[in-house]
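Colleague: Right, I'll just put the structure down here and ask away after.
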Amino acid sequence: MADKPSKTEFSLNALEKTSIGLPENETITLNATRHERAHAFVREKFLEGKWRPFTPLPPSVDPKQVPGCTLQAVIGTGGMGTVYLAKQNALNRQVAVKVLNAKMANDPGFISKLRQEAQIMGTLTHPNLVGCHDIIVSKDGTSLLMEYIPGHLNARTLVRLLGPMPENYVALVLLAAAKGLAYAYEKGYTHRDVKPDNLLFAFTEDRPPQSYQELFESPDFRVAICDFGIASTKKNLLDYAKEAVQEAKENDNIEELNPIIGSPLYMAPEQAISPENVDCRSDIYSLAATAFFLLTGQPPFPGKVIEEIIAVKTQLDLPTPVPPAHPLDHEFARILAKMGAVQQEDRFQNYDALLERLEALAAPYSANTSFRILTRRYRKFLRKALAIAIAFGFLCVAGLYSYTWWVEHYEDRLFISTVNLANWTGALSTWKQTFDAGHPMIIANEKSEPITFRETIQPGENFRISLSLQEIGLISMVLHQQGHPENVLLKITCYRKFNGNTIQMDVLDPKKDDGSLTPLPIPVALPDTLSQWISLRIQYDKGHAILWNRDTPLGVAHFNSTTFNNIPTEFTITKVSCQQVRFNNIAHIRQKYTNRMKDGLERDDMATQHD
């Protein structure tokens, strides 16, 4: 069977002509595919404003022919008869009256089935089912009084007027229809004729809706399933099946089949080949086929020959709909695939399972959402989001720990970045940059001239430097006012003698205001020997500076002078009188990090030992 129906000539049926206000006896022939035939024509009439949910009552029809009712307009015409909009006089309410044609009215078997439909519809009270009020038999015919759904828009008419329905609205329609079918099945009835023509949409305006959004957002909107003409219980399924097969062979127009025998385009395969197995899963299949039509504008297996359609259905699952706007949501496609499986065992086995999935699917499009429904709809996404959140939490903790470690070991890293002549200014050509065992180092000798560290040392900050005199000699370093090397606050002189290293500290005399320096006595027992590096720290603060040798304080310089109190300073290496002096572990420790140093003491493990 071809994937697409071939083009052919055909005429609009009576229902299509009355829906656009044309006389039934007017002949109109179109050349298009079977499922394109009415859409373009009806859509044109819709745009011209000629489409109406019902047409005026013909003069030949007596408004009083149905006892207790006044017929007002024609809603539609089909093979069974005509459906009218009427007023039920006793209760002063609008109803839909199905008046059977003469052939059907004189068929005792059909009347019996009609009574059964009325009884079924009368026992079912649900917002998503069309209710039945009464069945009237008189000398003028047989009529069925049903609940009137304002607008009398069915799904087929809507798709012809507005085109394929967006998937968000289809999800809401499926949920509403499944609720109605679930209620009927709980009462013991299987509909057996779920199709677009039997899904009605309430619309109170006396005009067609301009868009799906207008329809679905109208205050009185609802979806209702109608036509329980072949609804059945398990008891009478077999009898109906035999009659359905016989009548189907006598009817060439499968889209306008008498609703008593079902519609091969939308029915489940077992409904045609093994009707005794029909149950709720059959209606679920038909509901999926109806959704396919809503999404695409065509049935899933189009065709004209009943046997061919049924043969294909027994072999293939319902295809995945391809909406014209964009690909179908993956979750929606999975639900429809499960609903439309060939084998009943592969479908949803009950309405509870189906409703759970449909509620979750429709939840984002409904105002009445709940956390439980949303979690079902997005359970896979939520699991992934939870895993990502946990991983992100671990990363945050690890990041916080890493940052804390980074701050705590800030000094350890500084010597790598600051033992670089690029951080100094002055006679750099007389100095040498090198590495020793992978450690950066700068080297000077007696020919090296003064250099100054580029960064300014503010009050509250520290400056650390490690040096090693390779031969007998000395080196002088000063802390002075920024831009004024002559204004010295602290002078440090390191000597190497035969018996080891010694340090001399000259500080600004607080009793004088002339900038003169005074030597401070240094502790006799210094930890430095000839094989050790001299590790010094200048702890500069407001009004004073402390010189440390590793964990031993060597002296405190006080700056009571207003000239030298609380000023930015610089560190300069002023004199080298030694064959070779090596420097490493040079660090400018900014104020925000000094608070993390315990008691202001330098940790021994920060120093790098070299011969």
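The values are calculated or read from the model by the stated rules, or taken from the named source; none is laboratory data. Note that this is a predicted model, so its numbers are computed, not measured. All Cβ positions, even for glycine, are placed from backbone atoms using ideal geometry, and neighbour counts span all protein chains on display.
Colleague: Quick check on my filter: what residues within the stretch 273-302 are assigned to a loop (DSSP other than H, G, I, E, B) and within 39 Å of the chain's Cα centre (by Cα)?
Modeller: Within the stretch 273-302, V278, D279, G297, Q298, P299, P300, F301, P302 meet the criteria.
Colleague: For the stretch 447-492: of the residues being part of a loop (DSSP other than H, G, I, E, B) and charged (D, E, K, R), which is nearest to N549 (Cα to Cα)? Spell out how you get there, then give the answer.
Modeller: Quick first cut of the stretch 447-492, residues part of a loop (DSSP other than H, G, I, E, B) only: 447-450, 454-456, 458-461, 470-472, 482-483.
With charged (D, E, K, R) added as a condition, the list becomes 447, 449, 454-455, 461, 471.
Working: K447: 27, E449: 25, R454: 23, E455: 22, E461: 17, E471: 20 Å.
Ranking the candidates gives E461 first.
Colleague: For D599, only one of the following conditions fails: (1) at pLDDT below 70; (2) part of a loop (DSSP other than H, G, I, E, B). What is its number?
Modeller: In the conditions (1) at pLDDT below 70; (2) part of a loop (DSSP other than H, G, I, E, B), D599 misses (2) alone.
Colleague: Within the stretch 154-206, can you find the residues that are in contact with a helix residue (DSSP H, G or I) (Cβ under 7 Å, 6 or more places away or on another chain) and assigned to a loop (DSSP other than H, G, I, E, B)?
Modeller: If the condition is that a residue be in contact with a helix residue (DSSP H, G or I) (Cβ under 7 Å, 6 or more places away or on another chain) and assigned to a loop (DSSP other than H, G, I, E, B), then P164, M165, P166, K187, Y189, H191, R192, V194, K195, F203 are the ones that fit.
Colleague: Does A341 meet the test of being under 18 Å from the mean Cα position of the chain (by Cα), in the same structural domain as A178 (by TED's automatic domain parsing), at pLDDT 90 or above and of a type in the set (G, A, S)? Working first, answer last.
Modeller: Numbers: under 18 Å from the mean Cα position of the chain (by Cα): no; in the same structural domain as A178 (by TED's automatic domain parsing): yes; at pLDDT 90 or above: yes; of a type in the set (G, A, S): yes.
Criteria not met by A341.
Colleague: Taking the condition of being part of a loop (DSSP other than H, G, I, E, B) and at pLDDT below 85, how many residues in the stretch 61-85 meet it?
Modeller: Count: 3.
Colleague: Then there's this: Are there any pairs, at least 6 apart or on different chains, whose C-beta atoms fall under 9 Å, with the first in the stretch 326-344 and under 20 Å from E270 (Cβ atoms) and the second among the polar types (S, T, N, Q), and if so, which?
Modeller: The qualifying pairs are L336/T320; A337/T320; V342/T314; V342/Q315; Q344/N277; Q344/S282.
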